[in-house]
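Take a look at the structure below.
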Amino acid sequence: MIKLQNIQRNFQVGDQIVHALDDVNLTINDGEYVSVMGPSGSGKSTLLNLVGLLDSPSSGSYFLNDHNVTELDENEQAITRNQNIGFVFQVFHLIPRLTAAENIELPLVLAGIPESVRKARVHSALESMNLLDRAQHKPQELSGGQRQRVAIARATITEPSILLADEPTGNLDQKSGLNVIETLEQLNQRGITLIVVTHDAALGARSTRSIRMIDGRIESDTIDRKPGQPLGNSDVTLT
Amino acid sequence: MLLSRDAIQFSWQALSANTTRTFLMLLAMSIGVASVVILTALGEGARSYVTNEFSALGTNLVIVIPGKNETSGDNPTGLIGITERDLTIDDALAVSRHPKVTRIAPLNIGAAEVAWQSRKREVSVMGTSYEFQKIRQWKVAQGKFLPKIDLNRGSSVCVMGSELRNEIFGAHAALGQWLRIGDRRFRVIGILDSEGQSMGMNVGDSVFIPVASAQALFNVPALFRIFVEVKTREAIPKVITFIKKTIQERHQGVEDVTVITQDAILKTFDRILSALTYAVGGIAAISLFVAGILIMNVMLVTVSQRTNEIGLLKSLGASSNAILNLILIEAMLLSALGAIAGLILGQLGCWGIRSAFPQLPAYSPAWAIIASIMVALITGALFSLLPAKKAARLDPVIALSKR
């Protein structure tokens with residue numbers, strides 16, 4: 001469970017202080033499918049980075065599974081990120097010199113998991129992403145959709161509870177974009193909390209909960225229960 | 001935590017992905033290590049060369065020099081001792097009475113004109129004895145060395161150095177000819193081997209006559225040196241004491257000779273040449289530091305080129321420490337590979353020097369090899385600390401958004 005309390009994130013730009021996040025209070029339960037929308041500079045990426053522990057709030061508290069993670073030191077935050085959070089980026093961020101399999105393996109390598117265990121997990125990840133025949137290919141030999149699926153496999157290889165996607169379809173054509181979003185949604189249906197930041201209204205509309213941000217504040221937060229689509233495993237709480 | 005094996009593999013992949021950069025870095029580091037190896041090998045080679053030359057002089061050798069080598073207020077000539085009493089043949093004979101003394105050879109040196117038919121030449125004339133050749137371990141190419149006669153007796157025979165022989169006699173047979181030295185005539189009875197070169201003496205260009213003849217020729221009773229060969233190394237201090245005491249007694253109680261040993265000279269040379277080896281090694285080590293600075297530059301460029309990657313690694317759960325370690329491992333791997341390449345290069349260089357100059361035993365000393373590798377690794381680590389810290393401190397959000 002993600003719980004943000006009175007989160008303030010300020011940046012100094014020249015002699016002006018910009019409030020990228022201005023008193024944000026938000027609770028996201030396990031298994032939710034949340035889209036975050038809003039104009040550029042509204043703070044949606046900052047929110048995602050903060051939830052992903054890539055950024056720290058200027059003030060306020062962030063509880064992840066009832067632990068105050070803002071109090072963790074850098075090393076503990078890294079471990080938390082490795083075990084609980086997966087990132088999917090617009091530009092994929094695959095390491096060009098490594099093969100698809102090696103890219104997927106990276107979080108396990110960083111966690112110090114022995115090679116024999118890693119190989120088995122990478123294999124099943126490749127299998128579930130339909131990438132087995134692409135395992136030994138370098139990123140530049142893969143299509144955009146394949147690259148993003150490699151990135152998703154990498155983000156989920158440590159079996160995190162939260163998957164954060166920042167414009168995951170932004171660099172993809174419509175067909176592979178849809179394929180990627182369906183892959184993400186499948187993961188959500190298996191229980192992962194999915195938070196997608198996007199400009200794309202159509203993509204945003206697919207989620208069960210839509211957050212709209214303007215000027216660092218949550219403008220609206222609507223639960224949109226679609227027919228036939230399950231909501232998270234508990235109630236959505238607005239705070 | 002990242003396993004070290006995986007970290008090394010990750011760094012290795014990073015290095016092999018950029019072959020040009022890696023090759024240039026290896027080159028810089030290996031040249032540094034190779035120059036330490038080669039220069040110290042040269043220094044060591046020179047040291048062994050000198051040591052060998054000295055042992056060729058005969059090992060348990062003691063040399064008696066007239067004059068007390070000391071600085072004193074009433075000695076206006078300063079460092080060079082002067083003496084009122086000459087070192088004489090009788091002094092030499094007195095010294096030879098010690099049971100541990102196996103051989104003695106007096107030496108007198110002067111310059112004189114030698115001539116045969118119309119050919120003339122100004123050379124060093126050495127007055128000495130039969131024993132001298134044995135002590136200096138010279139080889140005689142033709143004929144024999146000076147005869148075994150009473151030191152106080154002159155004889156009109158001479159032995160020539162091979163170069164001098166060639167210049168004076170050319171194609172003519174030299175043995176048995178009468179050579180004029182100064183205003184006297186000497187029969188040539190032997191030619192020294194050209195191999196008989198020895199430190200500090202140009203043997204090839206000298207002529208040897210009995211010591212008594214030389215005294216008469218130059219009209220000086222004083223000896224230039226007395227060479228004393230001692231039976232064993234252990235007996236040297238006793239013999240030195242004996243020499244000093246004997247000559248002091250003979251010189252009315254004045255200790256006016258200096259006794260030096262082969263060992264002392266050798267040690268001095270050894271010290272000088274060792275210092276030289278350290279010095280050139282140190283100079284060469286500067287190139288290792290230059291290589292270290294190169295590594296720092298390249299790693300700084302690497303860090304800024306791979307900002308995205310570092311941001312990604314952080315987002316995947318790499319701590320700042322893990323990033324620091326990865327960059328350090330990469331730099332250390334570079335330095336280690338460079339050091340190994342440099343070692344191979346250096347050994348090849350030493351082998352080349354030994355092939356070109358067989359008399360120079362150019363082997364790099366173990367300390368230089370170990371030190372150069374250590375310096376390479378330490379500079380590699382030290383100079384990559386800055387880029388590694390820079391990488392570790394990168395803000396992942398900014399690093400990821402950098403294009």
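The values are calculated or read from the model by the stated rules, or taken from the named source; none is laboratory data. In this text the structure is predicted, and so the values were computed from the model without any measurement. Cβ sites come from the backbone with ideal geometry, for glycine too, and all protein chains shown count toward neighbours. Calculation scope for accessible area: heavy atoms of the full protein, side chains included, ligands and nucleic acids excluded. Shrake-Rupley method; radii C 1.70, N 1.55, O 1.52, S 1.80 Å.
Going by the conditions given, is A:Leu106 at negative phi, open to solvent by less than 30 Å² (accessible area, probe 1.4 Å) and more than 14 Å from chain B (Cβ to nearest Cβ)? Show your work before the answer.
Working: at negative phi: yes; open to solvent by less than 30 Å² (accessible area, probe 1.4 Å): yes; more than 14 Å from chain B (Cβ to nearest Cβ): no.
Considered against the rule, which asks whether it is at negative phi, open to solvent by less than 30 Å² (accessible area, probe 1.4 Å) and more than 14 Å from chain B (Cβ to nearest Cβ), A:Leu106 comes out as no.
Condition first: closer than 19 Å to B:Ile149 by Cβ and surrounded by fewer than 22 Cβ atoms within 10 Å (Cβ to Cβ). Now tell me which residues in segment B:219-228 satisfy that. Lay out the reasoning, then the answer.
So in segment B:219-228, the residues closer than 19 Å to B:Ile149 by Cβ come out as B:221, B:223, B:226-227.
Scanning segment B:219-228 gives a single hit, B:Pro221.
So which residues in segment B:334-368 are at pLDDT 90 or above, open to solvent by less than 50 Å² (accessible area, probe 1.4 Å) and aliphatic (A, V, I, L, M)?
Of everything in segment B:334-368, those that are at pLDDT 90 or above, open to solvent by less than 50 Å² (accessible area, probe 1.4 Å) and aliphatic (A, V, I, L, M) turn out to be B:Ala336, B:Ala339, B:Ala341, B:Leu343, B:Ile353.
Tell me yes or no: at least one residue of segment A:45-59 is touching a Pro at 6+ places or on another chain (Cβ under 6 Å), within 21 Å of A:Thr183 (Cβ to Cβ), within 13 Å of chain B (Cβ to nearest Cβ) and open to solvent by less than 20 Å² (accessible area, probe 1.4 Å).
no
Taking B:Ser315 as meeting all but one of (1) surrounded by fewer than 24 Cβ atoms within 10 Å (Cβ to Cβ); (2) under 30 Å from A:Leu164 (Cβ atoms); (3) touching a Phe, Trp or Tyr at 6+ places or on another chain (Cβ under 9 Å), write down the number of the exception.
Against the list (1) surrounded by fewer than 24 Cβ atoms within 10 Å (Cβ to Cβ); (2) under 30 Å from A:Leu164 (Cβ atoms); (3) touching a Phe, Trp or Tyr at 6+ places or on another chain (Cβ under 9 Å), B:Ser315 comes up short only on (1).
Is it the case that some residue within segment B:127-141 is modelled with pLDDT of 90 or more and farther than 30 Å from B:Arg187 by Cα?
Checking segment B:127-141: not a single residue is modelled with pLDDT of 90 or more and farther than 30 Å from B:Arg187 by Cα.
With the checklist (1) open to solvent by less than 20 Å² (accessible area, probe 1.4 Å); (2) under 30 Å from B:Ala322 (Cβ atoms); (3) in a strand (DSSP E or B) in hand, flag the one item A:Phe11 doesn't pass.
(1)
To keep it simple, each residue is scored yes or no on (1) on the phi > 0 side of the Ramachandran plot; (2) part of a loop (DSSP other than H, G, I, E, B); (3) open to solvent by 30 Å² or more (accessible area, probe 1.4 Å); (4) out of contact with any Asp or Glu (no Cβ under 6 Å at 6 or more places or on another chain).
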| residue | (1), (2), (3), (4) |
| --- | --- |
| B:Val207 | no, no, no, yes |
| B:Glu234 | no, yes, yes, yes |
| B:Lys238 | no, no, yes, yes |
| B:Glu249 | no, no, yes, yes |
| B:Thr258 | no, no, no, yes |
| B:Leu266 | no, no, yes, yes |
| B:Leu273 | no, no, no, yes |
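Identify, by number, the condition in (1) open to solvent by 80 Å² or more (accessible area, probe 1.4 Å); (2) under 30 Å from B:Leu27 (Cα atoms) that B:Val280 doesn't meet.
Result: B:Val280 fails condition (1) only.
Given the conditions (1) within 12 Å of chain B (Cβ to nearest Cβ); (2) open to solvent by 60 Å² or more (accessible area, probe 1.4 Å); (3) within 25 Å of B:Thr307 (Cα to Cα); (4) not acidic (Asp, Glu), which single one is not true for A:Gln77?
(2)
This table checks each residue for (1) touching a Leu at 6+ places or on another chain (Cβ under 7 Å); (2) charged (D, E, K, R); (3) closer than 27 Å to B:Arg5 by Cβ; (4) without any contact (Cβ under 8 Å) to a residue 40 or more places away in the chain.
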{"residue": "A:His93", "(1), (2), (3), (4)": "yes, no, yes, no"}
{"residue": "A:Ile113", "(1), (2), (3), (4)": "no, no, yes, yes"}
{"residue": "A:Leu126", "(1), (2), (3), (4)": "yes, no, yes, yes"}
{"residue": "A:Asn130", "(1), (2), (3), (4)": "no, no, no, yes"}
{"residue": "A:Gly145", "(1), (2), (3), (4)": "yes, no, no, yes"}
